[in-house]
Amino acid sequence: MNFYHEIKDELIKNEVYKKVKDYSKNKSDLKTYYNVGKLLSDAGKQYGESIIKKYSFRLTKELGKGYSVRNLYNMKLFYEKLQTVSAKLSWSHYTELLSIDDINKINYYIKITEDQNLSVRELRNRIKNNDYERLDNETKIKLINKEKASVKELIKNPILIKNKYNKENISEKMLQQLILDDLPSFLKELGEGFCFIDNEYPIKLGDRYNYIDLLLFNIKGNHYTVVELKTTELKKEHIGQIETYMNYIDMHVKDINHEPTIGIIICKKDNKFIMKYVTNKNIVDREYQLT
């Protein structure tokens, strides 16, 4: 089999197709690069890995730029790492993923890029910030098995918060202000579907007012979310506080068609010993990390 001529024909057909049918060129690119990747993989088995360098030289000479050794090697990885290809991602998206060895990790980033319509830059930042690594192992197993994970299971740990104060020890008010200063990033850290309602949300308990640090609503889970911020280690009294706030929202704010409220305690350090004895499964704790 003449692998070189097969590869050249695939690439020429793709260039012609893109000029005629620009609206679907991304799909054509992905199909072509996948087919070329298969041919390169087969050629490598027969002639050795050095064949990519030889093909790159000839293709660049005959077809022009765009067929460097790196690009051809990426096409080969594209075929070898992925069984199916989503046209919702561009070739630039896929090149960001090809350096990742764990296929489960690759599939996670493909899914969130599809679901959240991430740009290439946004995807790169998610990878850089270790989105996948900050999920717990049980959630990863669910995703691997294509089971649906709940909203609270997809909340990262730790939560990354940009720090403009340039110091580690900050107050709860300062922590809240850091979040409000870059609210879109914070909501994305929590996961998909979170919307901001208010900060210092007032609720009246008896004859006095209390204030919820952040009140959110999740459109995916159809529930309110109470967020409490703590700049200390998680303590047992924090559990009682947020549970009171959650019960208030359930009784006085949520509609009958809404799911029960969940609570998120964002603290300097988690305490698995305390969480072990928390019976309310709608309460989760997450550490924050200032960046």
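The values are calculated or read from the model by the stated rules, or taken from the named source; none is laboratory data. What you see is a predicted model; the values in this text were computed from it and never measured. A quick note on method: Cβ atoms are made from the backbone with ideal geometry, for glycine too, and the neighbour counts reach across all protein chains shown. Surface areas here come from the heavy atoms of the whole protein model, side chains and all, with no ligands, DNA or RNA. Shrake-Rupley method; radii C 1.70, N 1.55, O 1.52, S 1.80 Å.
What accessible area per residue comes out for region 49-176, rounded to a whole number of Å², with a 1.4 Å probe?
60 Å²
Calculate the length of the line joining the C-alpha centroid of region 205-243 to that of region 37-54, in whole Å.
58 Å
Could you derive backbone 3J(HN,Hα) for region 254-269 from the dihedral phi with the Karplus parameters 6.51, -1.76 and 1.60 (θ = phi - 60°), listing whole Hz in sequence and x where the residue is Gly or Pro?
For region 254-269, the Karplus curve yields 5, 8, 5, 8, 8, 6, x, 5, 10, x, 10, 9, 9, 10, 5, 8 Hz.
Would you kindly find the accessible area of Val284, with a 1.4 Å probe and non-protein molecules such as ligands, DNA and RNA excluded, rounding to the nearest 10 Å²?
Counting only protein heavy atoms, Val284 exposes about 20 Å² to solvent.
Distance check, please: which entries in Lys61/Lys88; Lys105/Lys188; Lys61/Lys81 exceed 21 angstrom between their Cα atoms?
Violating the 21 Å Cα-Cα cut-off are Lys61/Lys88; Lys61/Lys81.
Per DSSP helix of 4 or more residues, -39500 (n - 2.57); summed, then divided by the residues of the chain. What does that give at 222 nm, rounded to the nearest 500?
Dividing the helical sum by the residues of the chain leaves -15500 deg cm²/dmol.
Which lysines, on any chain, are close to Lys269 with Cα under 19 Å apart, when same-chain ones fewer than 8 places away are left out?
Of all the lysines, those that pass the test against Lys269 - Cα under 19 Å, at least 8 places apart if same chain - are Lys152, Lys156, Lys162, Lys167, Lys173, Lys230, Lys235, Lys236.
Projected onto the charge dipole of the chain (+1 at Lys/Arg Cβ, -1 at Asp/Glu Cβ, origin at the Cα centre), which of Tyr132, Gly206, Tyr245 gives the Cα projection farthest towards the positive end?
So the residue furthest toward the plus end is Tyr132.
Take Arg208, Arg70, Arg134 and sort them by solvent-accessible surface of the protein heavy atoms, 1.4 Å probe, largest at the top.
I get Arg70, Arg208, Arg134, largest accessible area first.
What is the angle, in °, between the Cα long axis of helix 3-20 and the longest principal axis of the Cα atoms in the chain? Nearest 10 is fine, range 0 to 90.
60 degrees
Once you charge only the Cβ atoms, +1 for Lys and Arg and -1 for Asp and Glu, what is the size of the charge dipole of region 1-153 about its Cα centre, to the nearest 20 debye?
The dipole of region 1-153 has a size of about 440 debye.
Between Ile100 and Lys220, what length in nm is gained on full extension when 0.36 nm per residue of separation is reduced by their alpha carbon distance?
40.3 nm
With a sphere of radius 12 Å drawn around the Cβ of Glu133, what net charge do the other residues whose Cβ falls strictly inside it have (Lys, Arg +1; Asp, Glu -1)?
Around Glu133, the surrounding residues sum to +3.
Candidates (i) 0.95; (ii) 1.03; (iii) 1.12; which is the computed Rg/Rh (Cα atoms, Kirkwood Rh)?
Derived directly from the coordinates: (iii).
Defining a contact as two alpha carbons under 8 Å apart and six or more residues distant in sequence, what relative contact order in percent does region 94-196 show?
It comes to 21 percent, rounded to a whole number.
Select from Tyr17, Val120, Asn169 the residue farthest towards the positive end of the dipole of the chain; place +1 on Cβ of Lys and Arg, -1 on Cβ of Asp and Glu, and compute about the Cα centre.
Among Tyr17, Val120, Asn169, the one farthest towards the positive end of the dipole of the chain is Tyr17.
With a 1.4 Å probe and all protein chains left in place, how much of the accessible area of the chain comes from carbon and sulfur atoms, in whole percent?
The nonpolar share, carbon plus sulfur, comes to 49 percent.
From Cα pairs below 8 angstrom and at least 6 apart in sequence, can you work out the relative contact order of the chain, rounded to a whole percent?
Normalised by residue count, the contact order of the chain is 12 percent.
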